[in-house]
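Working notes, beginning with the structure itself.
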Amino acid sequence: MDVLKKMIVEKGIVKGKDVLKVDSFLNHQLDVDLLDKIGEEFYRRFKEDGITKILTIEASGIAIAVMTARYFKVPVVFAKKSRSKNVDASAYTAKVISFTRGTEVDIIVSDKYLSKDDTVLILDDFLAKGNALDGLMEIVEKSGAKIAGAGIAIEKGFDEGGKRIRQKGVKVESLAIVKSMDENGIVFAE
Ligand code: 5GP
């Protein structure tokens, strides 16, 4: 998606070897026009897949999910992150190692909001090692719902997550795949 790639090149900041900061348009300050275009593009790629619900993870996935849901006209459910042991027994949970913090968190979705009748599109801002996506897929599996696929704004193609999850047969659609990045610039896969 050219408009997203252009924004990444113009405004993204590469931190160290493996962190891309997109705070000025995607996950701190939000460029609503860009988010709308992202939503439209996910709709184009998944509109034939019978989506009944969009699932994401707090906090950075929520804006992307909400804008995409305007096209699908379905509800958004976001998994909450919790460090508490006191999780409602009827909730679906999974453990995720946070990319940014390196610590393990429980992610939780109430069983009120996902059921076996749902076909779920999972959305997130980044795909790196695939831990967040694994956790969200585990939650969908526990609910008995069907996974239609995963839509990712920015995939870090040099991390193994995308390849590993596609090999499981999951439809993963990434709008910008970064092949390499360093202080000299960012190279996209295609
Ligand atoms: P994974 O679980 O696939 O390793 O990483 C995906 C999650 O970590 C996403 O939910 C995203 O919020 C965060 N993440 C991974 N890489 C980056 C990055 O380069 N920049 C930012 N801002 N977040 C990232």
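Build a GNM of the chain with springs between Cα atoms under 10 Å apart, and of 42, 72, 99 the one that fluctuates most is 99. Our analysis of the chain gives Rg over Rh at 0.95, with the two radii drawn from alpha carbon positions and Rh computed by the Kirkwood formula. For segment 1-77, the set of GluC sites (Glu not before Pro) satisfying both a DSSP loop assignment and a count of at most 14 other C-beta atoms within 10 Å is given as 48, 58.
For segment 4-11, 3J(HN,Hα) computed residue by residue from phi via the Karplus equation (6.51, -1.76, 1.60; θ = phi - 60°) reads 6, 4, 4, 5, 4, 5, 6, 10 Hz, glycine and proline entered as x. Annotation: amide H of residue 127 within the under-5 Å range of 154, 155, 156, sequence separation 5 or more or interchain, hydrogens built in the peptide plane.
The C-alpha atoms of the chain define a longest principal axis, and helix 131-143 lies at about 20 degrees to it.
Stretched out fully, how many nm does the piece from residue 103 to residue 13 gain, at 0.36 nm a residue minus the Cα gap? All intermediate terms of the calculation are to be shown ahead of the outcome.
Values: separation 90, 0.36 × 90 = 32.40 nm, distance 2.35 nm.
Extra length available between residue 103 and residue 13 comes to 30.0 nm.
For residue 55, nonlocal amide neighbours, meaning residues 5 or more places apart or on other chains whose placed amide H falls under 5 Å from its own, are 77, 121, 122, 123. The modelled label-to-label distance between residue 180 and residue 33, using points 7 Å beyond Cα along the C-beta direction, is 3.4 nm. Within the listed set 89, 176, 153, the residue fluctuating most in the Gaussian network model of the chain (springs between alpha-carbon atoms under 10 angstrom) is 89. Measuring r between the beta carbons of residue 48 and residue 112 and using R0 = 25 Å, the FRET efficiency lands at 0.35.
Defining a contact as two alpha carbons under 8 Å apart and six or more residues distant in sequence, what relative contact order in percent does the chain show? Relative contact order, the chain: 19 percent. Length gained on full extension, residue 190 to residue 158, computed as 0.36 nm times the residue gap minus the Cα-Cα distance: 10.2 nm.
With a cap of 16 neighbouring Cβ atoms within 10 Å, and only residues DSSP puts in a loop, list the trypsin sites (Lys or Arg not before Pro) found in segment 8-44.
When the trypsin sites (Lys or Arg not before Pro) of segment 8-44 are filtered for loop state and at most 16 Cβ neighbours within 10 Å, 17 remain.
Here is the list for segment 59-136: trypsin sites (Lys or Arg not before Pro) lying in DSSP coil, each with at most 15 other C-beta atoms within 10 angstrom of its C-beta, are 73, 83, 85, 101, 112, 116. Near residue 19, once Lys and Arg are set to +1 and Asp and Glu to -1 for all other residues with Cβ below 13 Å from its Cβ, the sum equals 0. Residue by residue, segment 48-61 carries 3J(HN,Hα) couplings of 8, 9, x, 5, 10, 8, 10, 10, 9, 10, 6, 9, 5, x Hz when phi is fed to the Karplus relation 6.51 cos²θ - 1.76 cosθ + 1.60 (θ = phi - 60°); x denotes Gly or Pro.
Please report the spacing between the Cα centers of segment 139-190 and segment 25-84 in Å, no decimals. Their Cα centres are 15 Å away from one another.
Since every read-out is calculated from the coordinates, none of them should be taken as a lab result. Fair warning: this is a prediction, and the values are worked out from it, not measured in the lab. Cβ: placed from backbone, ideal geometry, glycine included. Neighbour counts: every protein chain shown.
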